[in-house]
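The values are calculated or read from the model by the stated rules, or taken from the named source; none is laboratory data. Fair warning: this is a prediction, and the values are worked out from it, not measured in the lab. Cβ: placed from backbone, ideal geometry, glycine included. Neighbour counts: every protein chain shown.
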There are 2 protein chains.
Amino acid sequence: MSGDDARLRAWAYLAAVAEPPCTPLIALAERIGPEDAAQLIRARRLPAGGLLEATEARAGIDTAAEDLQTCAKIGARLVTRDDDDWPAWSLLALDRAGSAARAGAPLALWVRGPGPLTGLGDRAVSVVGSRAASSYGDYVAGRLSGELAARDRVVLSGGAYGIDGAAHRGALAAGGSTAAILACGIDRDYPSGHAGLLAEIARTGLVISEYAPGTTAAKYRFLTRNRLVAALAGAVVVVEAGRRSGAANTAAWARGLGRPLGAVPGPVTSATSVGCHQLIADGEAALVTDADAVLALIEPDGHDNHRPSAPRPLDGLAPDQLKVIEALPARGALGIDEIAFVSGLPTAGVRAALAMLEVEGLIDGASGRWSLRPAGLTGPRDVT
Amino acid sequence: MSGDDARLRAWAYLAAVAEPPCTPLIALAERIGPEDAAQLIRARRLPAGGLLEATEARAGIDTAAEDLQTCAKIGARLVTRDDDDWPAWSLLALDRAGSAARAGAPLALWVRGPGPLTGLGDRAVSVVGSRAASSYGDYVAGRLSGELAARDRVVLSGGAYGIDGAAHRGALAAGGSTAAILACGIDRDYPSGHAGLLAEIARTGLVISEYAPGTTAAKYRFLTRNRLVAALAGAVVVVEAGRRSGAANTAAWARGLGRPLGAVPGPVTSATSVGCHQLIADGEAALVTDADAVLALIEPDGHDNHRPSAPRPLDGLAPDQLKVIEALPARGALGIDEIAFVSGLPTAGVRAALAMLEVEGLIDGASGRWSLRPAGLTGPRDVT
């Protein structure tokens, strides 16, 4: 076994040993490397009160080799933080949101299909909504996704029945690219009625999961998965959602992570549009009716620029200032509370850092909301 | 003929002698009284460059006696600035908006029906929309108006086919009160297919017009009439509107006059909802789905207080400050440009006045929008 293989197996072991997201596990793997981290966990040489408990159930079960084999058979691969294809920039906001429940970046991603993960970012738009969609919702999700695909956008969704399925199909029908993020193992077809659809998505796009092969879908995994649907896209659109729905949870992630959020209106007589109307009325989501409106959320200046704005040279910034810079989205603005949420800093610390960053010309503020200042003086620096 | 009768006839003459709105005519009548004003106009003793031209065509035609007789026959009356029933408070914003095209208060109002004009104000909600309404729009307008009527609100609209008619009917069906503002003489049934509906409205509510009996409906009169649909209500709701529609004009009046504006969403596939979606997406209107949402626009604090907040004692204020105070709506907030529009002051003057008024504790500002501070230290003063 080559060193690379051993390292990949260690990542596969770590990816299965604790229920994601597990921020301390990532921290350990990044500090001492995945192989030594796996070694410590197998040997149970961990301090109590965190990782020891999180890895207790599965520490002795090493299915890494089988998992990688299962993947290879279905044309899937494990993408880790070692890979050029690791979507580091998209996941930055999650790295910073480590203290919120279910927040935290994935340790690794199991991926099926030819599409590059790093090709997502601002190019991807998540189109989500109720499983119990109306025919109106199905139609609009399909049409909107087709329009987005025709504009060279990747349509991201959750692979579920209803709006998710209509979104994937709309993108495929337009000859475009689409990606499904699952709440179960990459080798599982969930829902089973979408096995054909998921295979078709994987043929040209991407099926993505942070769950090891064999992992079954579960309610809490859907809620955990939703953060990736928000994080990996440049914007999130809710097409239909009832008063309480999973789509509302994805919408909350979009807000928390600073992703622009749109909602499609519908008849006020339709129960499946209540959630969308509430998001718009509460000022949480912008009303969007078509792809133009959605793309305007990502590119308010009208520039057709797929790349997120490149980070500025950050040498000499204080740690709090760095955290605030990293908390700010590539496009759009955040309020102080949102920055505090994403950065994990106290509000007072955020305020102080914002003041300094504004003086240094790195950010812009208006009406209490803050955004990265576009393109600095020096060239872009690639973070991926 | 008693002095009162002579004065009323003079008002009736003035109400017909120039195309409304005619701010200089009102100013003259208020300065020297309606009888002397009528005298000057008949005698053509007016300076050129305004009133002389505005009254040229009809100065010699005095149909006041016949107009009042026609009115009496159909149970209508002429309400003037002499009457306790004159809705002075509601029309204040129009008095101040005299410089904008078609702005300016009516000189008098022809009114048919038992409802009091001063009973409108915050109690009235205008429900408007396209004549070419969809069945969805008709249904929603009727339901919303029924809900509003059941909450003791007067449903105001324009008496037209489509949304207007559905709104009036919805209020009547709920046993509530409704008022129609016409763009033609009070004795005309326009549209003729609504003769029965207008009669029913007049039986329990109000039919209102600033146009003398016999005046025919005309396109520019609809646009002029729309300002009253906005001014006489506590809030305006657009139920359905195409890309270009009369309802958009009423919405613009609502914004200009500081009336809260709501719009009902609909299917994004429906051409008759395009205008509503645009108003919401542009931040011009709040998304409303039912009566609760509409009433929240009027009473954001949840208090069921039908009266507009009483004006504060204004002694000692500079003239510009007084104009700004009068420009601010009873509820809701205005931006500086809107205040400038309503008050007729230059932006710089508005800024200066706002600063002083805030120091004096008479107004509140947040995010660049300004509102009257609720209930002062002293008791309310009645302005009507």
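Would you please name the residue that is surrounded by the most Cβ atoms within 10 Å (Cβ to Cβ), looking only at residues in the stretch B:357-369 that are modelled with pLDDT under 75 and away from chain A (no Cβ under 14 Å)? Among those that are modelled with pLDDT under 75 and away from chain A (no Cβ under 14 Å), it is B:E360. Of A:L92, A:L117, A:L156, A:L109, which residue is within 17 Å of A:R203 (Cα to Cα), aliphatic (A, V, I, L, M) and touching an Asp or Glu at 6+ places or on another chain (Cβ under 6 Å)? Among A:L92, A:L117, A:L156, A:L109, only A:L117 is within 17 Å of A:R203 (Cα to Cα), aliphatic (A, V, I, L, M) and touching an Asp or Glu at 6+ places or on another chain (Cβ under 6 Å). Could you identify the single residue in B:A76, B:A38, B:A64 that is touching a Lys or Arg at 6+ places or on another chain (Cβ under 6 Å) and under 15 Å from B:A18 (Cα atoms)? From the options B:A76, B:A38, B:A64, the qualifying one is B:A64. Within the stretch A:4-19, residues that are of a type in the set (S, T, Y) reach partners that are not in a loop (DSSP other than H, G, I, E, B) with beta carbons closer than 6 Å, at six or more positions or on different chains, in the pairs A:Y13/A:A38; A:Y13/A:A64.
The residue that is farthest from B:V324 (Cα to Cα), among those in the stretch B:41-82 that are in contact with a strand residue (DSSP E or B) (Cβ under 9 Å, 6 or more places away or on another chain) and free of Cβ contacts under 8 Å to residues at least 40 places away in the same chain, is B:R77. Those helices (runs of 4 or more DSSP H) of the stretch B:212-303 in which 1 or more residues are modelled with pLDDT of 95 or more, within 14 Å of another protein chain (Cβ to nearest Cβ) and in contact with a strand residue (DSSP E or B) (Cβ under 8 Å, 6 or more places away or on another chain) occupy B:274-281, B:291-298. Every condition in (1) under 24 Å from A:A217 (Cβ atoms); (2) touching an Asp or Glu at 6+ places or on another chain (Cβ under 6 Å); (3) assigned to a helix (DSSP H, G or I) is met by A:A10 except one, and the failing one is (1).
Restricting the first member to the stretch A:346-373 and to residues that are farther than 27 Å from B:G335 by Cα, and the second to residues that are among the hydrophobic types (A, V, I, L, M, F, W, C) and surrounded by fewer than 16 Cβ atoms within 10 Å (Cβ to Cβ), the beta-carbon pairs closer than 8 Å and six or more apart or on different chains are A:A353/A:A318; A:M356/A:A318.
Looking at this structure, is B:A348 modelled with pLDDT under 80, in a helix (DSSP H, G or I) and farther than 19 Å from B:A233 by Cα? Judged against the criteria, B:A348 is a match. Looking at the stretch A:41-52, which of the residues that are surrounded by fewer than 18 Cβ atoms within 10 Å (Cβ to Cβ) and not in a loop (DSSP other than H, G, I, E, B) is modelled with the highest pLDDT? That would be A:R42.
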